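Let me begin by presenting the structure, written as structure tokens, before commenting on it.
The values are calculated or read from the model by the stated rules, or taken from the named source; none is laboratory data. Keep in mind the model is a prediction, meaning the values are calculated, not measured. As a convention, Cβ positions derive from the backbone with ideal geometry for all residues, glycine included, and neighbour counts pool all protein chains shown.
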Amino acid sequence: MEVYDDVGRVGEKDVPYIRFSSKLQFISGEDVKVFEGDINVFLDPHATDVPLLGRDVLDQFVVLLDCRSSEVLLLYEKAKYTVSE
């Protein structure tokens, strides 16, 4: 596996990482949504605080964040929902 070092962060250069192809599936009772692509994995666990599920994935859904019940709901755009007290 090849180690790359062509990215940096504020105050640092040459942050080492490896790249591999990955597939992420979201499965519901109606459909399956699949995201495929290369993922960069930084070898230093403190190199980045960017989550795996970035906007490239989350922009495909209606995202509801319920802090009281500690839930994040990802709904397809065609899904219907209501908010009530």
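Residues satisfying the criterion are present in region 61-70 (criterion: modelled with pLDDT of 75 or more, β-branched (Val, Ile, Thr), assigned to a strand (DSSP E or B) and surrounded by 11 or more Cβ atoms within 10 Å (Cβ to Cβ)). Among the residues making up region 31-48, those that are among the hydrophobic types (A, V, I, L, M, F, W, C) and modelled with pLDDT under 80 are Ile39, Val41, Phe42, Leu43, Ala47. Restricting the first member to region 18-34 and to residues that are of a type in the set (Asp, Glu), and the second to residues that are modelled with pLDDT under 80, the beta-carbon pairs closer than 7 Å and six or more apart or on different chains are Asp31/Tyr76. When residues in region 5-30 are screened for being surrounded by 10 or more Cβ atoms within 10 Å (Cβ to Cβ) and at pLDDT 80 or above, 5 of them pass. Going by the structure shown, is Pro51 farther than 18 Å from Tyr76 by Cβ and at pLDDT 70 or above? Judged against the criteria, Pro51 is not a match.
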